[in-house]
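Written below as structure tokens is the structure these notes are about.
The values are calculated or read from the model by the stated rules, or taken from the named source; none is laboratory data. Worth saying up front: this structure is predicted, and the values here are computed from it rather than measured. Here the Cβ positions follow ideal geometry from the backbone for every residue, glycine too, while neighbour counts run over all protein chains shown. The accessibility values were calculated without ligands, DNA or RNA, using every heavy atom of the protein model including side chains. Shrake-Rupley method; radii C 1.70, N 1.55, O 1.52, S 1.80 Å.
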Amino acid sequence: MLSEFLNAAFLVALVAATFRMVTPILFTAIGLLVVNRGGIVDLSTEGVMLMGALAGFTAAYYSGSLWLGVLVGALTGGAISLLTAFLVVILKMNQSVSGIAINMLAAGLSFYLFRLIYGSSGETVPTVSTFDPLPIPLLSEIPVIGKVFFSQYALTYLAFIMVVLVWAFLYKTKSGLVIRCTGDNPRTVDTKGISVNLVHTALLVFGGMMYGIGGAFLPLVATGLYVPGISAGRGWIAIAIVIFGNFRPFRVMFGALLFGFLDALQLQIQGIGIDFPYQLLIALPYVLTIIVLIIGGKSSGKPLHLGIPYHRE
Amino acid sequence: MKLTNMLIVLFVVAMLVAACGPSEPEVVEKEVTRVVKETVVETVIVEVEVKTETEAEAGAEAGAEEPTELTMVAISPNTAEDPWPQALMQSADRVIEEKYRGLDMNFEYVENVQFPDVERVGREYAKSGEVDILWFHTSYLDAVSVLREEFPDQLISITSSVYDDHKAGSNQYWMNAGPVLESSYLGGVLAGLMTESNTVGVVAAYPVDSQTMPMNAYIDGVRSVNPDAEVKVSFIESWYDPAKAREAAETQINAGTDVLFSIVFGPFEAATKHPGVSGIGFLVDQIYLAPEVVLTSPIAKWDPRIKFLIDEWWEHKVNGTPYSSPAEAIQFTMADGGNEIGPINEDLVPQEFIDQVMDIRQQILDGELVVQARFEIPESD
């Protein structure tokens, strides 16, 4: 069995599966990272993913266009996060409580809307045809690497491109510097004549759009159907990954890949019948996150003003 | 009050109202007039297990008054899309259509009831006096234990395929769900015949009785016609994560599997992306989900269980017979009409294989072949 596990084709399948499985989580985590770097705690990820999944699926179901589904998923996520912005930016409510409230609202609303749109016959489940993989010409022909990196879904490429773009934006542009300053010391930004409220609102809308795409990935790429609760905790995992990644884009990407790899690995172990308690691999990422939290301490990259409402005196 | 404070108060109220949404029971009322798809085997079901209408009417004549209506309410954490309630609702539809005992039956499925709310929701229905049969999901045993004492004249049924003691007795009946033993075996027979790679797979939720029993039956079915076939097994450790189930299926396909028994949503999507890979559904006819890959589905038929409860209720209502449930689970086999192999996709399956499956089905119905229920956790070969 172990020789089968070490088979090159199997390892290729394992890594390729890792990239697929990590995509929705990476979209959400990278969106949340930007929100966090601006100083906002946002716990609404799971609920917004659900709304993005429902809206994206519904748009694709009725229009027949999967890309329109992705767009509608993103816009819906952004719209829900506008509500979060109203609570935490305008009303200055507690950010954690607001996030949980939005989460509950989105979970209930998505279920209600699903019933409203698709009824409750119990006879059938609505389905759509999903995206096909998009092999990159020439590159996908490269042995091993081509199969792993260049034979993925368009949204998987986009998720990893977003990591690079977010990193470049945060660390190589003036606007990125403003965002990071807002997270650490919003008063400095304010004294420069930049509206902290505007920055926070923009970040939340961007983050919401990313959560929405992450949610839409599930019915439009992975499953072809929408069922209530389809996000299955991935929004919460994204929160853990941002902490695990110490609020840095590439570390967040690494953390997401680690989570995805371990999950893919436990499925592979079961699938080929290796005698190993696969449940350990499911629990391991969360154990690692707690360890990172404990040993992170002073070296934590957490923005200094994270979670603290900004009041202009 | 400041405007912002007012907005905060308004928002909190709105949030509370919205948050209550998923906790409130969502009632799914079934259409009495729905057209029911008849299958070849349905006549067998009624003849084998349940009292004939003539017998039932004769018994009723001895009583004081014959009821003409009956209301049954099923309370569950599952949403209506889940195959389990789908099977229950489709079974209720058939009983409604049949007008069993001449009754106009009203059936409601109450979905998404969270555990802290079960007792309250059940109590409201019991107190209303308008519900004749209250049917609870297996995970609600604690609430049922309270309600059965509180409402001794209320017929309560708890449904479970988990073989723990469900403390049945008096007005609490334990309907064993294990509804797809023989039909899962037949699904395995078809998989064993259809596989060209000689590797078949099964993707399930958790390693618990309700999953391992049909899995083992499926594996036994595969081996009965193809002793050398390899079987791949995956648990996704979630009741409801189609994306992960799809990835589990991808893993098995990479390992050579070409027929996937899909006990959870998700694997069919993987099958559609790999030519030559097919799937087998679970609990309800799932060919509609992916007609290009789904071969058939073991179907759970609750019909005889519902009729059994109606008979008990009738005796209590008409003749005043006290409810006296046996302590053990009440079971219905395939020969009793408790489960059935669903329609076989003739576009994908050669006629000779269909005939072979139906021959073995007949052996089961005739008692020549007995499928053993096994609950050990299967592992991949």
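Among residues belonging to region B:362-381 that are aliphatic (A, V, I, L, M) and either outside any loop (DSSP other than H, G, I, E, B) or in contact with a strand residue (DSSP E or B) (Cβ under 9 Å, 6 or more places away or on another chain) (or both), point out the one that is nearest to the other protein chains (Cβ to nearest Cβ). Write out each step before concluding.
From region B:362-381, those aliphatic (A, V, I, L, M) are B:364-365, B:369-371, B:373, B:377; that's our starting set.
Then drop every residue that is not either outside any loop (DSSP other than H, G, I, E, B) or in contact with a strand residue (DSSP E or B) (Cβ under 9 Å, 6 or more places away or on another chain) (or both), which leaves B:364-365, B:377.
Details: B:364: 28, B:365: 27, B:377: 11 Å.
Only one residue tops the list, namely B:377.
What are the residue pairs meeting all of these: first residue in region A:147-159, first residue surrounded by fewer than 18 Cβ atoms within 10 Å (Cβ to Cβ), second residue hydrophobic (A, V, I, L, M, F, W, C), Cβ atoms under 6 Å, and 6 or more apart or on different chains?
From residues that are surrounded by fewer than 18 Cβ atoms within 10 Å (Cβ to Cβ), the pairs are A:154/A:134.
So, in region B:197-233, of the ones that are β-branched (Val, Ile, Thr) and touching a helix residue (DSSP H, G or I) at 6+ places or on another chain (Cβ under 7 Å), which residue ends up surrounded by the fewest Cβ atoms within 10 Å (Cβ to Cβ)? Lay out the reasoning, then the answer.
Taking region B:197-233 first, the residues β-branched (Val, Ile, Thr) are B:199-200, B:202-203, B:208, B:212, B:219, B:222, B:225, B:231, B:233.
Okay, now just the ones that are also touching a helix residue (DSSP H, G or I) at 6+ places or on another chain (Cβ under 7 Å), so B:200, B:202-203, B:219, B:222, B:225, B:231, B:233.
Values: B:200: 30, B:202: 34, B:203: 33, B:219: 24, B:222: 28, B:225: 19, B:231: 24, B:233: 23.
Filtering region B:197-233 for residues that are β-branched (Val, Ile, Thr) and touching a helix residue (DSSP H, G or I) at 6+ places or on another chain (Cβ under 7 Å), the one surrounded by the fewest Cβ atoms within 10 Å (Cβ to Cβ) comes out as B:225.
Of all residues being of a type in the set (Ser, Thr, Tyr) and part of a helix (DSSP H, G or I) in region A:285-303, which is least open to solvent (accessible area, probe 1.4 Å)? Just the residue, please.
Across region A:285-303, the extreme among qualifying residues is A:289.
Would you mention how many residues in region A:190-208 are open to solvent by 10 Å² or more (accessible area, probe 1.4 Å) and either under 10 Å from the mean Cα position of the chain (by Cα) or more than 17 Å from residue A:78 (Cα to Cα) (or both)?
6
Could you check region B:336-361 and list, in sequence order, the residues that are under 16 Å from residue B:302 (Cβ atoms) and either assigned to a loop (DSSP other than H, G, I, E, B) or among the aromatic types (Phe, Trp, Tyr) (or both)?
Answer for region B:336-361, where residues must be under 16 Å from residue B:302 (Cβ atoms) and either assigned to a loop (DSSP other than H, G, I, E, B) or among the aromatic types (Phe, Trp, Tyr) (or both): B:336, B:337, B:338, B:342.
Which of (1) open to solvent by less than 10 Å² (accessible area, probe 1.4 Å); (2) at pLDDT below 90; (3) farther than 23 Å from residue A:35 by Cα is the odd one out, the single condition residue A:281 does not satisfy?
For residue A:281, the failing item is (1).
Could you check how many residues of region B:254-269 are crowded, with 24+ Cβ neighbours inside 10 Å and either under 22 Å from residue B:185 (Cβ atoms) or more than 9 Å from chain A (Cβ to nearest Cβ) (or both)?
9
Residue by residue through region A:212-241, note down the ones that are part of a helix (DSSP H, G or I) and over 21 Å from residue A:152 (Cβ atoms).
Scanning region A:212-241 gives A:235, A:236, A:239, A:240.
Restricting attention to region A:93-119, and to residues there that are within 7 Å of chain B (Cβ to nearest Cβ) and within 21 Å of residue A:60 (Cβ to Cβ), which single residue is least open to solvent (accessible area, probe 1.4 Å)?
If we take residues in region A:93-119 being within 7 Å of chain B (Cβ to nearest Cβ) and within 21 Å of residue A:60 (Cβ to Cβ), then A:111 is least open to solvent (accessible area, probe 1.4 Å).
Of everything in region A:270-284 that's touching a helix residue (DSSP H, G or I) at 6+ places or on another chain (Cβ under 7 Å) and part of a helix (DSSP H, G or I), which residue is farthest from the other protein chains (Cβ to nearest Cβ)?
Out of the qualifying residues, it is A:284.
Sort out which residues of region A:120-146 are of a type in the set (Gly, Ala, Ser), facing chain B (nearest Cβ under 9 Å) and open to solvent by less than 70 Å² (accessible area, probe 1.4 Å), and write them in order of number.
Correct list: A:120, A:121, A:122.
Could you please let me know if residue A:212 is small (Gly, Ala, Ser), out of contact with any Leu (no Cβ under 6 Å at 6 or more places or on another chain) and open to solvent by less than 10 Å² (accessible area, probe 1.4 Å)? Even if it seems obvious, please write down each step before you answer.
On the way: small (Gly, Ala, Ser): yes; out of contact with any Leu (no Cβ under 6 Å at 6 or more places or on another chain): yes; open to solvent by less than 10 Å² (accessible area, probe 1.4 Å): yes.
It is true that residue A:212 is small (Gly, Ala, Ser), out of contact with any Leu (no Cβ under 6 Å at 6 or more places or on another chain) and open to solvent by less than 10 Å² (accessible area, probe 1.4 Å).
Kindly indicate whether any position in region A:245-262 is open to solvent by 30 Å² or more (accessible area, probe 1.4 Å), in a loop (DSSP other than H, G, I, E, B) and more than 8 Å from chain B (Cβ to nearest Cβ).
The answer is yes; a qualifying residue exists.
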